[in-house]
1. Excluding ligands, DNA and RNA, what is the solvent-accessible area per residue of segment 511-588 at a probe of 1.4 Å, expressed in Å²?
2. Roughly how many nanometres apart are two label points built 7 Å out from the Cα toward the Cβ at Arg523 and Asp573?
3. Return one whole number: the accessible area per residue of segment 603-662 in Å², for a 1.4 Å probe.
4. What's the extension gain from Glu629 to Asp770 if we count 0.36 nm per residue and subtract their Cα-Cα distance?
5. Explain nothing, just compute: Karplus ³J(HN,Hα) = 6.51 cos²θ - 1.76 cosθ + 1.60, θ = phi - 60°, for every residue of segment 582-589 in order, whole Hz, x for Gly and Pro.
6. Can you give me the Rg/Rh ratio for segment 597-639, using Cα atoms for both radii and the Kirkwood formula for Rh?
7. Can you give me the % of accessible surface on segment 634-724 that is carbon or sulfur? Probe 1.4 Å, all protein chains present, nothing else counted.
8. Using modelled backbone amide H atoms (1.01 Å from N, in-plane), which distant-in-sequence or interchain residues come within less than 5 Å of Tyr479's amide H?
Amino acid sequence: MMSGLKNLRVALFIATLAFPIGAMAQSGRAQEHIASGIEAYRAENYAQALSDFEAAVAVDPDNAEAHFLLARVLFDTPLRDEGRAGDEIERARDLDPENLQYMVAELQQLRTDTWNFFQEIQRTNKRLSLARDILERDPDNGFAHEEFGAYFIRDYWYYRNAIAFPTLDVQSRGLSEPDDQDTNAILDGGVSPELEGAGSDVPGEVTADVSDFFADVPDLVEFVGSSALGVTDRFNIETIRSQGANVLALQGRADRAYERALFHLETASANDPRRRSVYDHLTRLYALAEDWDKAIDVATQMLVYFPDDEAMWRYIGLANHRLGRGDAAETSFREAMEIMDPESRSVFQDISLLLPPEELSAYEETPDQVASQFWTSKDPRYLTPYNERKIEHYARLTYADLMYKSDDLNLRGWETQRGKIHVRYGVPRSDVTITGGFQQIVEAFSTRAKGIERQGFDRAAFERPPEEMNANRFNIWDYGDFRFVFEDPIANGEFRLYSPPADLFAVVGGGAVERMDYEIIARNTFRDTPEQYDYSPPGRQIGLPYLVTSFKGVDGNTDLFVHYGIPVADNFDPLTNDVVNVTVQTGAFLISEDRDILAERRRTLYGLRSPQIELFAETQLWTDTQAMEARPGTHEISVEFETVGGGTSAVQRRSIEVPDFSGNDLALSSLMLAYHVEDTDATSVSGQIVRDGLAIKPAPWSVFHHEQPVYLFFEIYNLRQSGVRTDYQVEAQLRPKDTSTGIARIARGIFGGGERGVSTEYPVQGDSRDDSQYVILDAAEQEPGFYTLTLKITDRVSGRSVEETTDLYLE
């Protein structure tokens, strides 16, 4: 980027020399110095160029071109001296006031920032006046159109979705808008709509941005500052409004500012498509308006002229992300990461802002490992080839850099307070800006002495005309569970977290004022909630029933089976149709307690076979099973499903405890509920599990029809042998679930009752210490309802027994 910027400056400088030198009225010695300076500049020998142009000015003080070239060296090179550059370009303008080239150069120099609010207003007025003069001479001048475009973007940002209270200007999303042309006319700042062409959509004199002054200000201050409005509510706009404050919408001005910004920036881009900064302005404008399709159009045009610009790829990634195109966003951000400078790449890779304090030390020791585990734990859908939470992080960084950078402080957007909070928490639910005399209302207490000043705070300010009032602005971001309040004390756009003045702590009490101190509130919020992300999956969301069963594996591992069911449309008849014509992606994922993905099973199914569909009273499910291995311990299972195209999706997650079957004691596997079990010689059967010579069609949930047999598959481990034979008893009972408690349960145990149900019992002899069996329970005579299934195994050789239970529902 720096190399490209340097080349741009060289090209711009050399372009300024296109006028015939011989046409300039200057002495021969000045001509020699100028020619030498040009050659030195081309060779990037800026010190020599500076010396030559200074010599030319000394020889011929009235040579406008010499002053102009000296100004460019002092402004565009590492020898930058803005003060001297400004003096030199002013002198060149004085000597040749109609020179368009000098006008553009001065306009560029006037774009540097200032710390003084009123000086910035004066400089803004001068830039706008100069840009207007340029357009009168050159209606297609890109520099001038860009200046007006940037100005109207600021105006749009300030007034978009805006409202105003008496003495307060407020902008907020989702608030009412009155049809008040008079109000909008007052706020328009002297625009001359009758001007056409280059002169139209050009603002007039810019004044300090303060609100209209109302005669009833003292009453409003008394109302808001009274005990009726608690300390903690002083930034609650809805509370203030509910207590009688008038609300006026200012959307009209924002709409006009948007159209004017768009006109000027599109004109600048059309006339000079290589003007790089115009693309930033256009992207910012469309991002503010949330017109992401237009933002992509801008980036696409940018791709033609700046194919290696990493910001362009980030802009495309941001727009695609906001449009829900996760795969395209991931590709764009990956392209940006590959070509961005190491410093920027490290920002995108760093997650320290998102971690709780107790994990920071581990992150410092093993950043790659902790980052990998963090992103795994935050990934809302393992089924997609990209991590939605990580893409959201990249999008937040890009948006923060686009919106919240500070030229005055030389900070990237993600380095400012608002930028960092946006990276942590994203777009707030409510974004409100208040201007005018709101600081006096916030900090007004009956026990506080009059005349106290803080950044212009003064009760007498209410008696001064609005142009003399302090212009502090407050920006309130509400995330629902917490809120942040920023202030802009000198109205230069450099927002910071609001902290009350010191005297309030003494007058009102530290505990009360601390509830208004957003420096403290922010630190506490960062500690308790370092980041926040609410994922909204695409398409229609459905429930995805699933069960997990565990069996003894090899080498100390445990075999896991994840049985799941995909809902099928009610109008599909599996008896007359062979397949559901839909393409779906499914996945089952095993996540360790350390947040590593241990196993993943993905499938793309081109149609769902009817033999795998089970019918139920209110739905029908296409059933399937995924197998995996795991070490014993606490894990998480995620079962996911999505139709190709994203029309329907589901994500179900559950923590599971994987049992350890490696011991020597009598043990029983999970109880695998099934709709059918039969002997088989096959090694695999579609939609079924083949284990120990049995083909099993597992149930994805514990639901059976009451006239349907209940199959139960299980395995027994570590049976004692008598000689080489084992001998054990199987007892299976299906009883109505006992929902009684206390005395009722005791009475039932004493006097009997509740004998409904079904059971089976039989002995088994074998020659292996580990064995597998299945039971069929006929529930045809049972009433619909909840039941408890109990399986008990008694080893008749050792006398030991083991028991497992599970609940199910009979329709």
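The values are calculated or read from the model by the stated rules, or taken from the named source; none is laboratory data. Just so it is clear, the model here is predicted, and its values are computed rather than measured. For neighbour counting, all protein chains shown are included, and Cβ atoms are generated from backbone atoms with ideal geometry for every residue, glycine included. The accessibility values were calculated without ligands, DNA or RNA, using every heavy atom of the protein model including side chains. Shrake-Rupley method; radii C 1.70, N 1.55, O 1.52, S 1.80 Å.
1. 48 Å²
2. Distance between the two pseudo-spin positions: 7.2 nm.
3. Per-residue accessible area for segment 603-662 comes out at 45 Å².
4. Answer, rounded to one decimal: 48.9 nm.
5. Per residue, the Karplus-derived 3J(HN,Hα) values read 8, 9, 10, 10, 10, x, 10, 10 Hz.
6. Working: Rg = 14.3 Å, Rh = 13.3 Å.
With Rg and the Kirkwood Rh in hand, the quotient comes to 1.08.
7. C and S atoms contribute 42 percent here.
8. It is Arg429, Phe484, by chain and number.
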